[in-house]
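This report refers to the structure that appears directly beneath it.
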Amino acid sequence: MRYEILLLLPTDELNQQMEHMLKKQTNIKCHIIQTTDTYNLPDLLGEYQPELVLVSPIIICDQFIPLLKKRTGLADTKFVAYCITVLDKMYQKNFDAMIDINDSPSEIEEVITDVLSIDTEGDEDQALTPREREVVIAVVKGYTNKEIAEKLFLSPHTVITHRRNIARKLNIHSPSGLTIYAIINKLVELDEIAK
């Protein structure tokens, strides 16, 4: 599986170094989005729906994370603090994990794989992301693409993309097939399914 990772570090140089390390020195398959602009953050989160945001606590304080998750509808997005100073470590309550500037690539990879719950032993290519599971549940409950978009604060185009990815990963191309998948995998109960 390929993960969307948003880097929000204080300088372009730090962003580039982290991207290089993630792409070249780890086994994590990822697409990296870089920014140093906090004003763009809600738009970037909405557009890319990253599974992980690697951010400096100097840029986004930990108290802002729950509000940001709620406002963007990305409750499952993981926020990892990239600590540059000792002071950063004091402000990590709402972060899912912490990486220190002095951590080795293997230590960083370990933190990220733990946070994303990546099974490094198995074949994770077919695993659904938390957002894709939400879309499956909504489809099974009978929501239209437009209703799913409104419910999950997404664009209809993004919902269609998620549905296409779900069909490709699971090789299931019908709502009835998704219903069976959702029941077997305990994503829904029988009484939750639209009639």
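The values are calculated or read from the model by the stated rules, or taken from the named source; none is laboratory data. Keep in mind that what you see is a predicted model, and the values were worked out from it rather than measured. Backbone-built Cβ (ideal geometry, glycine too); neighbour counts: all protein chains shown. Ligands, DNA and RNA are stripped out before the accessible areas are found, and what is left, the full protein with its side chains, is counted by its heavy atoms. Shrake-Rupley method; radii C 1.70, N 1.55, O 1.52, S 1.80 Å.
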Taking the criterion of being over 19 Å from Met98 (Cα atoms), modelled with pLDDT of 85 or more and out of contact with any strand residue (DSSP E or B) (no Cβ under 9 Å at 6 or more places or on another chain), would at least one residue in segment 21-38 satisfy it?
no
The conditions are (1) in contact with an Asp or Glu (Cβ under 6 Å, 6 or more places away or on another chain); (2) more than 30 Å from Lys24 (Cβ to Cβ); (3) at pLDDT 85 or above, and Arg133 fails exactly one of them. Which is it?
(1)
Mind checking which residues of segment 142-155 are open to solvent by 70 Å² or more (accessible area, probe 1.4 Å) and closer than 15 Å to Tyr48 by Cα?
Phe153
So how many residues does segment 168-195 have that are within 26 Å of Arg2 (Cβ to Cβ) and at pLDDT 85 or above?
14
When the residues of segment 1-39 are narrowed to those that are in contact with a Phe, Trp or Tyr (Cβ under 9 Å, 6 or more places away or on another chain) and in a helix (DSSP H, G or I), which ends up most open to solvent (accessible area, probe 1.4 Å)?
Leu14
Given the options Thr158, Thr179, name the one that is open to solvent by less than 70 Å² (accessible area, probe 1.4 Å), of a type in the set (S, T, N, Q), in a helix (DSSP H, G or I) and under 21 Å from Lys70 (Cα atoms).
Thr158
Residue match in segment 45-56 (condition: under 12 Å from the mean Cα position of the chain (by Cα), modelled with pLDDT under 90 and among the aliphatic types (A, V, I, L, M))
yes
Among residues belonging to segment 63-119 that are of a type in the set (Phe, Trp, Tyr) and open to solvent by less than 80 Å² (accessible area, probe 1.4 Å), point out the one that is modelled with the highest pLDDT.
Phe79
Pair list, Cβ < 9 Å and 6+ apart or interchain, from segment 114-137 residues that are within 17 Å of Asn171 (Cβ to Cβ) and hydrophobic (A, V, I, L, M, F, W, C) to residues that are open to solvent by less than 60 Å² (accessible area, probe 1.4 Å) and modelled with pLDDT under 75:
Ala127/Met1; Ala127/Ile118; Leu128/Met1
With respect to Asn165, determine if the residue is out of contact with any Asp or Glu (no Cβ under 6 Å at 6 or more places or on another chain), modelled with pLDDT of 85 or more and open to solvent by 30 Å² or more (accessible area, probe 1.4 Å).
no
Could you please tell me which pairs satisfy a Cβ distance under 6 Å, a separation of 6+ or placement on different chains, a first residue in segment 44-58 that is in contact (Cβ under 8 Å) with a residue 24 or more places away in the chain, and a second residue that is open to solvent by 30 Å² or more (accessible area, probe 1.4 Å) and among the basic types (Lys, Arg)?
Leu52/Lys78
